[in-house]
Amino acid sequence: MPNTSEMLQTILTEKFSVPEDRIRREAKLTDLGLDSLDLIEVLFEVEDTFHIRVPQDSAAIKLATIDELLATITQLVDAAPARREAEAG
Amino acid sequence: MTDRRVVVTGIGAVSPLGSDPATLFQRLMNAESAVRAVSFEANGSYSNVAATVDYDLQTALQGRTPARLENLDRITQMAIVAARQAMAGSGAIVDDKSRHRMGVSFGTGMGSAAALEDTHQQIFARDPERVRPLTVLKVMNNSSAGHIAMQFGLAGPDLTYSCACASSAVAIGEAYRQIRHGYADVMLAGGGEASLTYSCFRSWDAMRVLAPMDAETPSATCRPFAKNRKGLVLGEGAAMVVLEERDHALRRGATIHAELAGYGSSNDHTHITRPSVEGQARAMELALADRKTPHCAIGYVNAHGTGTPMNDPTETLALKQVFGTDAFRIPVSSTKSMHGHLLGGAGALEFVISVLALTHRAIPPTANLDSADPACDLDYVPLHGREGIDLQSVLSNSFAFGGTNAVLLVSRA
């Protein structure tokens, strides 16, 4: 199964035509040739792919680096089962 | 201000009868019909009849990212392709000096119908939490006009008109006024419709104005002016033209296809659907009076000719009211018999056909007209087109639900 980083890379290359060599861990999302509307859609695709919900107040994420976005995704993915349990409880 | 005349320097069309104007006109002259059976497997195998565009829009629009292409509804995709054809043919130059005097005028009845339907499905039937983030921008009625302006960098007026089946005729007429009255030098004008969705078909069905499919020959379902006509047949597509101030076009040595020499606009004002002879006749008279074109100059009328029981005899009476006994001399045809009714896109497609009739010296036929309704007793160019016809001026009629009548008059340049 592909890891989080590979899955994010697939979104960026396949849906948004970002050249692979520009997707470096320290690169900011805004430096990938994506405009503000693209970034909203990136977050939507991320949500769909990882079955998470990025909080509405996502301005900070749009300014984040790939590394920081990956950290956020991991954090939300890890929190998801706990939240589901809480909802079930 | 000096008298500013308006000419056509570029034409484009993505139609059920071909995705460029030349193919479209050739197939019309051959009396080919694009009308065929369509079905919706996902909706209980619902079926109907329509004239669809069979063209690879994805390939035509490559160069955009898949995400951005997905954000263009089918109508916008077709409109951009038609606009590109018109701009390429015109050779109009867009630069920092000219772009502020160049605009867009677009007409559509239903706009992004497929995107709207899909959004409703998403909200009501699938998952309202997962509505695509740029839905508003895809569905809004001026999406096509906005994307066309961006495509070419046009910074002048960017307008969208919605007047049902007269939408794109109005868009062309109002663009003509923008140039004539000095607000712009070049307008990329036209419109489109892409409403062949399940919910649109169901809504039209409910109104009982669609012709039921001709079981023997589906392509012959649309029969304007015929005794056995049973209603209209839906079509889809987009058509765009470059309108340009005449001296502006002459100075740059542009190829001038024709002059847009008149526009008439009126409303029936009595009933939301029932057409009025008086309203239609007034729109034609206004188009003729606009630049004082004599009635005798009209050598062809591209009729609104929907094929509904009400439209065709009413339009016939309106033509007689305007032209008197001369009405019997003028060939009148409904090309909707072949490309279907493009609703908001009809006026623009039929304007392009009218320009092509002038430049090709040829009149496309009314297909499927074996036997005319006695109440329709003009020369409807039945079954076969006519070539070698020396046309001076052509009228293109568009009449809409809501009562809007729009008539465009195009003359040899």
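Quick notes on this structure:
- Residue check: residue B:332 meets all listed conditions (1) more than 20 Å from the chain's Cα centre (by Cα); (2) crowded, with 17+ Cβ neighbours inside 10 Å but one, namely (1).
- Taking the stretch A:37-71 as the range and being within 11 Å of chain B (Cβ to nearest Cβ) and either assigned to a helix (DSSP H, G or I) or in contact with a strand residue (DSSP E or B) (Cβ under 9 Å, 6 or more places away or on another chain) (or both) as the test, the residues that pass are A:37, A:38, A:39, A:40, A:41, A:42, A:43, A:44, A:45, A:47, A:48.
- Among the residues of the stretch B:63-86, those identified as hydrophobic (A, V, I, L, M, F, W, C), in a helix (DSSP H, G or I) and within 14 Å of chain A (Cβ to nearest Cβ) are B:67, B:69.
- The set of residues in the stretch B:16-30 that are surrounded by 24 or more Cβ atoms within 10 Å (Cβ to Cβ) and in a loop (DSSP other than H, G, I, E, B) comprises B:16, B:17.
- Complete set of residues in the stretch B:292-316 that are without any contact (Cβ under 8 Å) to a residue 40 or more places away in the chain and surrounded by 15 or more Cβ atoms within 10 Å (Cβ to Cβ): B:295, B:314
- Counted residues, the stretch B:208-241 - those being modelled with pLDDT of 95 or more, among the hydrophobic types (A, V, I, L, M, F, W, C) and more than 30 Å from residue B:98 (Cβ to Cβ): 11
- Conditions (1) modelled with pLDDT under 95; (2) under 27 Å from residue B:340 (Cβ atoms); number of the one not met by residue B:49: (1)
- In the stretch A:11-33, residue nearest to residue A:52 (Cα to Cα) [restricted to those that are away from every other protein chain (no Cβ under 12 Å) and part of a helix (DSSP H, G or I)]: A:29
- The set of residues in the stretch B:227-260 that are surrounded by 24 or more Cβ atoms within 10 Å (Cβ to Cβ) and of a type in the set (Gly, Ala, Ser) comprises B:235, B:237, B:238, B:239, B:249, B:258.
- Being among the hydroxyl-bearing types (Ser, Thr, Tyr) and more than 14 Å from chain A (Cβ to nearest Cβ) is a description that does not apply to residue B:143.
- Residue within the stretch B:44-62 that is within 14 Å of chain A (Cβ to nearest Cβ) and assigned to a strand (DSSP E or B) present: yes
- All strands (runs of 3 or more DSSP E) inside the stretch B:233-333 with 2 or more residues being touching a Cys at 6+ places or on another chain (Cβ under 9 Å) and of a type in the set (Phe, Trp, Tyr): none
- Residues of the stretch B:146-165 that are within 14 Å of another protein chain (Cβ to nearest Cβ) and within 21 Å of the chain's Cα centre (by Cα): B:146, B:147.
The values are calculated or read from the model by the stated rules, or taken from the named source; none is laboratory data. Small disclaimer: the values here were computed from a predicted structure and weren't measured. All Cβ positions, glycine included, derive from the backbone under ideal geometry; neighbour counts span all protein chains shown.
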